[in-house]
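Trainee: Below: one structure in structure tokens.
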Amino acid sequence: MIRVGPEDFDPGRELAALEADGGEAGALVSFLGTVRVRSEGAPILSLTIEHYPGMTERALAAMEREATRRFGLTGSLILHRVGRLKPGARIVLVGVRAPHRAAAFEACAFLTDFLKSRAPFWKKEETPGGARWVGAKASDEAALARWERGA
């Protein structure tokens, strides 16, 4: 399941639904991302996330299919918020179900690395010193590269 929008979500409820969806899962792994309080030493006042409706969902669906193929997932979800968010606000929830824990951990990392570097979202941080667009970090690119090498 993929959902992109401004609405907040309840991680417990979303993960319970993924768990209840059953299948042959022996493991459920999740990642919850929130807005940081500081960036490069400066307090963050807000984070604005933009996307291209339709294109973003298609890109996420393709990556979800790839994760299912690679790791044998029996279920997954990707929830991502857009709009203006305050520090501490929930941004993203990735949840995966798989027959074994190793596959579930790997799949969750795979999807999270993709979201950080390749998903079509644009992020702008507002600090007391002004606003700036945020790009992928070298560490994010390196994390994604390990998956591309293993494709």
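The values are calculated or read from the model by the stated rules, or taken from the named source; none is laboratory data. Computed from a predicted model, the values in this text were never measured in an experiment. Here the Cβ positions follow ideal geometry from the backbone for every residue, glycine too, while neighbour counts run over all protein chains shown.
Trainee: Within region 79-90, identify whether any single residue is in contact with a Ser or Thr (Cβ under 8 Å, 6 or more places away or on another chain), more than 26 Å from Glu40 (Cα to Cα) and assigned to a loop (DSSP other than H, G, I, E, B), and answer yes or no.
Mentor: No.
Trainee: Among what's in region 28-48 and is aliphatic (A, V, I, L, M) and modelled with pLDDT of 95 or more, pick the residue that is nearest to Val82 (Cα to Cα). Outline the logic, then answer.
Mentor: As a first pass, look at region 28-48 and keep what is aliphatic (A, V, I, L, M): 28-29, 32, 35, 37, 42, 44-45, 47.
If we keep only those that are modelled with pLDDT of 95 or more as well, we get 28-29, 32, 35, 37, 44-45, 47.
Values: Leu28: 25, Val29: 23, Leu32: 15, Val35: 12, Val37: 18, Ile44: 17, Leu45: 16, Leu47: 9 Å.
Only one residue tops the list, namely Leu47.
Trainee: Taking Ala62 and the conditions (1) more than 18 Å from Gly5 (Cβ to Cβ); (2) assigned to a strand (DSSP E or B); (3) without any contact (Cβ under 8 Å) to a residue 40 or more places away in the chain; (4) not polar (S, T, N, Q), which numbered condition does it fall short on, given that it satisfies the others?
Mentor: (2)
Trainee: Against the conditions (1) surrounded by fewer than 13 Cβ atoms within 10 Å (Cβ to Cβ); (2) closer than 21 Å to Pro99 by Cα, where does Arg13 fall short? Just the number, please.
Mentor: Single failed check for Arg13: (2).
Trainee: Still on this structure: Output the residues belonging to region 113-139 that are part of a helix (DSSP H, G or I) and loosely packed, with under 11 Cβ neighbours inside 10 Å.
Mentor: Matches in region 113-139: Ala138, Ser139.
Trainee: Here is a list: Gly5, Gly83. Which entry is in contact (Cβ under 8 Å) with a residue 24 or more places away in the chain, over 19 Å from Gly135 (Cα atoms) and surrounded by fewer than 16 Cβ atoms within 10 Å (Cβ to Cβ)?
Mentor: Numbers: Gly83 fails: over 19 Å from Gly135 (Cα atoms).
Residue meeting the stated conditions: Gly5.
Trainee: Looking at (1) β-branched (Val, Ile, Thr); (2) assigned to a helix (DSSP H, G or I); (3) within 12 Å of the chain's Cα centre (by Cα), can you tell me which one Thr68 breaks?
Mentor: Failing condition for Thr68: (3).
Trainee: While we're on this one: Under 26 Å from Ser76 (Cα atoms), free of Cβ contacts under 8 Å to residues at least 60 places away in the same chain and either of a type in the set (Ser, Thr, Tyr) or assigned to a helix (DSSP H, G or I) (or both), is that true of Ala142? I'd like the intermediate steps shown before the answer.
Mentor: On the way: under 26 Å from Ser76 (Cα atoms): yes; free of Cβ contacts under 8 Å to residues at least 60 places away in the same chain: yes; either of a type in the set (Ser, Thr, Tyr) or assigned to a helix (DSSP H, G or I) (or both): yes.
For Ala142, the condition - under 26 Å from Ser76 (Cα atoms), free of Cβ contacts under 8 Å to residues at least 60 places away in the same chain and either of a type in the set (Ser, Thr, Tyr) or assigned to a helix (DSSP H, G or I) (or both) - is met.
The rows are residues; the columns are (1) of a type in the set (A, V, I, L, M, F, W, C); (2) more than 30 Å from Glu126 (Cβ to Cβ).
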| site | (1), (2) |
| --- | --- |
| Leu28 | yes, yes |
| Thr48 | no, no |
| Ala61 | yes, yes |
| Gly72 | no, yes |
| Gly75 | no, yes |
